[in-house]
Amino acid sequence: MKDIVTVDNFLDKEDFFNLREIAYSDSLHWKKQVSDGTLSRFTSFDYSEMIYEDSDWIPISQSKSFISIFNLVKDHIKKNCSVGRIYFNRQKPCVDGCLHTDEGDYTALLYVSEYEKEWGGFTQFFYSESKQEYVLPVPNRLIIFDASIHHKGYGFSHNWNPDRISLAFKIYVD
């Protein structure tokens, strides 16, 4: 697999609409997290690993709907793999993350929020001082990348922009 696989229009329109409805509903349990403890005032974002389904809170990674989305993600990895965590990230405008690597072998991000080219909000991939790559957070765009690549999510650039929401999958090769 090349460094970054990009799949536009990953879900069909109805499934993506339903996913976006979930992301903006009260069925997610949001918590605060920081990208970097030394910069906690500047890098906090929200994440949700729990969803309210069938009258109970369950991990998103145990939801049949999200497991079926992961099965579609696996088709693009072309290796036997399993998912460790599935969760939503929500970044407030003007709040960027920090460069980091992820747990697991691969990370898949599905961009959920609306997007306008003026807003920024890209994901930066940092290979070296002279080689970097940027992916725009186009709605319903899936990206899959090696979890060991240093990367960083940028919040949308103006405080009147909406939150930047993505769905993350931490993937392990079997």
Self-check item: Matching residues, region 47-84, being surrounded by 17 or more Cβ atoms within 10 Å (Cβ to Cβ) and in a strand (DSSP E or B)
Solution: Y47, S48, M50, I51, C81, V83
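Rundown of residues vs (1) within 30 Å of D54 (Cβ to Cβ); (2) within 14 Å of the chain's Cα centre (by Cα), yes/no style:
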{"site": "H76", "(1), (2)": "yes, no"}
{"site": "F88", "(1), (2)": "yes, yes"}
{"site": "A108", "(1), (2)": "yes, yes"}
{"site": "V112", "(1), (2)": "yes, yes"}
{"site": "E118", "(1), (2)": "no, no"}
{"site": "Q124", "(1), (2)": "no, yes"}
{"site": "K131", "(1), (2)": "no, no"}
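Read-outs: derived from the displayed coordinates by stated rules, not from any lab. Predicted model only: the values in this text are computed from it and were never measured. Heads up, the Cβs are rebuilt from the backbone with ideal geometry, glycines too, and the neighbour counts pull from every protein chain shown.
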